[in-house]
Amino acid sequence: MHSRGKELRNEAMNRRCSPDLVLADNALTRALRDALKAVKDEYPLLDESVEEIAVSRRFTLVRLAGGSIGIAFSGEYEPPPEELILGSVTVSELAQYAWRHPSLTSLALAAANAATNVLVEKKPHLEGLMYDRDVVDVVNPGPEESIALVGYVRGIARKLATRAGKIVVYEDNPVHRAFARKDGFITYPGSQLLLDAEDYDVIIATGASLLDPRIIAVFANAKRARLRGFVGPTSSFHIAAARPLGADFIAGISIPSSHRDTVARLVKAGYGFKRISRFATKWIWLPP
């Protein structure tokens, strides 16, 4: 029964997500279009053609014709329709599939990240782009401030805990939620933050949270927050996407050309970001 149910879900998604279907507009597709436009404005030679798509148990990988790669959290979802995997497609076309289904959203994000990776490699000294800066130092929390961390990132959480007054982790994955609780943090399922958003001075969300549209409502409801931002490999897109998503900063990664093949092999083998991160360059991007 379980296997047949999965097959039916796959078939339904393939019907809904046919590349011939006119797709509805939404905040994430608009943000990714803005990011891509900004990339092309600053680097008109960008080739948007997608050369390879790979989906592993941790990440979706997109490789562009020029060799640049981008990755995004994939999760345990049905794979994208085979028309997208086997056919000819561009970054702009993939951006239109954001929030149609988590697998398609992952694909759209990975494609936007690959395009941004080209720009960062060609023009590393972009306005507002900083390398090897600690996101906690950029956020610079005060001892009286409350911070919501959407998705448990142990290193960031522990550093924040030494400086901020209160850290609460909102995490849908019950295993990660248990890890956070074991580390001494207050934890709730992600949906609870829709009600709690106004309680925080800072909200830091993993890029993986963008697979679900709830994060936009969270940022919109966080009226008191002085900062909202995305962190991690999934949010490695141009800063032009920040404002449409309600974010004040983006912390992502670039993958140097010398490490592309290594990262691609690790992604396809199912490794997580902890192993991949040593081959990536971390950055934080603030709006001009």
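Take a quick pass over the chain and tell me how many lysine pairs come in under 27 angstrom between Cα atoms, counting only ones 8 or more apart or on separate chains.
23
Tell me, what % of the accessible area of the chain is carbon and sulfur with a 1.4 angstrom probe? Write down the numbers at each step before the final one.
Details: 6880 of 13500 Å².
Roughly 51 percent, rounded to a whole number.
If the chain between N26 and E52 were fully stretched, how many nm would it gain, using 0.36 nm times the residue separation less the Cα-Cα distance? All intermediate terms of the calculation are to be shown ahead of the outcome.
Values: separation 26, 0.36 × 26 = 9.36 nm, distance 2.58 nm.
Fully extending the segment from N26 to E52 adds 6.8 nm.
Averaged per residue, what accessible area in Å² does the stretch 23-122 show with a 1.4 Å probe, protein chains only?
Numbers: 3910 Å² over 100 residues.
Accessible area per residue, the stretch 23-122: 39 Å².
On alpha carbon coordinates alone, what is the Rg over Rh value for the stretch 49-184, Rh being the Kirkwood radius? Working shown, then result.
Values: Rg = 18.1 Å, Rh = 17.2 Å.
With Rg and the Kirkwood Rh in hand, the quotient comes to 1.05.
Between the stretch 26-41 and the stretch 62-107, how many Å separate their Cα centres?
Between the Cα centres of the stretch 26-41 and the stretch 62-107 lies a distance of 15 Å.
Hey, what does the equivalent ellipsoid look like for the stretch 23-122, semi-axes from the Cα gyration tensor as sqrt of 5 times each eigenvalue, largest first, whole Å?
Numbers: eigenvalues 80, 45, 27 Å².
Each semi-axis is √(5λ); the values are 20, 15, 12 Å.
How big is D for the chain, in µm² s⁻¹ as a whole number, if Stokes-Einstein is applied with the Kirkwood radius of its Cα pairs at 20 °C and 1.002 mPa s?
Details: Rh = 19.1 Å.
This corresponds to a translational diffusion coefficient of 112 µm²/s.
The values are calculated or read from the model by the stated rules, or taken from the named source; none is laboratory data. Just so it is clear, the structure is predicted and the values come from calculations on it, not from any experiment. Only protein heavy atoms, including side chains, enter the accessible area calculation; ligands, DNA and RNA are left aside. Shrake-Rupley method; radii C 1.70, N 1.55, O 1.52, S 1.80 Å.
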